[in-house]
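The values are calculated or read from the model by the stated rules, or taken from the named source; none is laboratory data. Predicted model only: the values in this text are computed from it and were never measured. Cβ atoms come from the backbone with ideal geometry, glycine included; neighbour counts cover every protein chain shown.
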Amino acid sequence: MGGIEDEWNLNLLLEDIEYSSFAEFEICFSNIHTAINTLLDNAFKLEKSKNTKFTTESYDEELKYLCDKNKILKQELDALSEQISKKQLQYEERKKDVKLFEQEIKDRHEAFLMAKKNYKKILKIYFTIESKDAEKETIFIQFFTEARKESENYSVHLVKDTKLGHFQILSTTPNLEEFKEIKRKLLETNDVPGALCSIRQAFKTLKSNKKHNLL
């Protein structure tokens, strides 16, 4: 089970993502560069047999041959240049996605740290990813006090759509009267911190009514 730590080392993860994006672009660019050099080398290599056949009367044919060869070479170079432009654009878009992902991780981390700081005297939160596949993650979150850990007595199961980034509440333990309303709001807003705050407040009310220690 994982916990919300005071410090997370995010640099290694983010550097790996950025390095992977650059390495992929660098390999593709190197391949295209090699293809261009090969085209240039082949374009200026004429067979010796053709050179010996050229006479004064065949200059027009030679000129036409070179012009046609030049047109073909230009078309191939234009095609390779277009590939380079597309790969460059893809690389720039990938860099933007990495920066957005980096900011999203930092924002979520700061939000969790702020929540922990504000509630450290009355609330602890532990979480773990119980299952994960290509389409979704099932997340378990548990609430407990510093004085006494109540194993799975106050907990939430969430499911995350890994492609869209949307969250849903699967269940709470114990069951809450407000469950349907909190679930509906989360579907509309995708505001996970807000949903967890609402669930926590509902747990507090439930404990108060049962005359337990407040969360």
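Across the range 158-195, the qualifying residues are those that are basic (K, R), at pLDDT 90 or above and outside any strand (DSSP E or B), and the one among them that is nearest to D107 (Cα to Cα) is K185. Take the residues in the range 82-111 that are more than 20 Å from the chain's Cα centre (by Cα) and surrounded by 12 or more Cβ atoms within 10 Å (Cβ to Cβ); name whichever of them is modelled with the highest pLDDT. Ranking the qualifying residues of the range 82-111, first place goes to Q83.
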